[in-house]
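J.: Have a look at this one before I ask anything.
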Amino acid sequence: MGQGSLHNATKTYFAQDGTVRTWWSPESPNDLLYDHFREQLRWVAEQVAWPGKQVLDLATGKGRFAIEYARHGADVQALDISGEMLRIASATAAEAGVQVRFGLGDAECLPFPDATFDVVSCMEAIMHLPDPASALREMVRVVKPNGIVLLSMTNRLRLAALARWPAETLRRLRPGGPGHPEIMWCYSIWEFRRLLADAGLEIEQIRGQGLLQATTRLPLGGGRRLPVIPRRLADWSFTHLEPPFRESPLMAVMGTIMVVCTPSA
């Protein structure tokens, strides 16, 4: 599949109804990574003095981060490629009693003038973009020179992915490829740093989280997967064992990497 076709197939998938909504529900207490995403939301909210800030939240999904920013007093514009997700986000914002301007938009081609926003946020989404370099350049273009860019990505070298590597490698080596559009490209912490530097972003703070995750599965064939880490153990580790190590070298094998960046001088 050519690069243009890849872009189109990926974006078509995310724009369709009944796709992301069926597998993305971190706001639910039943979700295996519920504690993970609550902590992520808490940490990101602490990184900025939000009142009065002009904020752009890209690939907003159900609006989890955009709504939190608005709760803290920010003036928030949020974009997503999926109309379905935007409808969910708008309803959730209304229930929360906050104002967020939701609109359709592509993170790789933003409809805003240069230096418009104090903060640009793209949380839990950069790994779903077929051209992350273009998206990052657009973020740098629309953020103010003294502004902040908040990002997170799924770590390619996370411990939770180790069990899947053999089966995933075999799947990709089969003739004809994986048989469905690629929707996720994970990066190591070093690859992520290089992407940011190439786009003109300097990391001010970096943090990992998710060392042991209940989502770790061992493929057994025939679509069956064996859970490796019980949720109770994963939740206990997340709350009691992991916190002192989130800004240590051990973050290199944690599930998610989060960064606070500023445009390079």
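The values are calculated or read from the model by the stated rules, or taken from the named source; none is laboratory data. For clarity, every value in this text was computed on a predicted model and none was experimentally measured. When we count neighbours, we look across all protein chains shown, and the Cβ atoms used for this are built from the backbone with ideal geometry, even at glycine. Please note that ligands, DNA and RNA were not included when accessible areas were found on the heavy atoms of the full protein model with its side chains. Shrake-Rupley method; radii C 1.70, N 1.55, O 1.52, S 1.80 Å.
J.: Could you tell me which numbered condition A197 fails, if it satisfies all but one of (1) hydrophobic (A, V, I, L, M, F, W, C); (2) open to solvent by 20 Å² or more (accessible area, probe 1.4 Å); (3) modelled with pLDDT under 90?
T.: (3)
J.: Identify, by number, the condition in (1) closer than 30 Å to P181 by Cα; (2) at pLDDT 95 or above; (3) crowded, with 19+ Cβ neighbours inside 10 Å; (4) touching a Ser or Thr at 6+ places or on another chain (Cβ under 9 Å) that I81 doesn't meet.
T.: That leaves (4) as the condition not met.
J.: With respect to V44, is the statement that it is more than 15 Å from the chain's Cα centre (by Cα), of a type in the set (A, V, I, L, M) and modelled with pLDDT of 95 or more true?
T.: Numbers: more than 15 Å from the chain's Cα centre (by Cα): no; of a type in the set (A, V, I, L, M): yes; modelled with pLDDT of 95 or more: yes.
No: the conditions fail for V44.
J.: Considering every residue within region 106-119, establish whether at least one is assigned to a loop (DSSP other than H, G, I, E, B), closer than 19 Å to N146 by Cβ and among the hydroxyl-bearing types (S, T, Y).
T.: The answer is yes; a qualifying residue exists.
J.: Moving on. With R246, R232 as the choices, which residue is open to solvent by 80 Å² or more (accessible area, probe 1.4 Å), of a type outside the set (S, T, N, Q) and modelled with pLDDT of 90 or more?
T.: Testing whether each residue is open to solvent by 80 Å² or more (accessible area, probe 1.4 Å), of a type outside the set (S, T, N, Q) and modelled with pLDDT of 90 or more leaves just R232.
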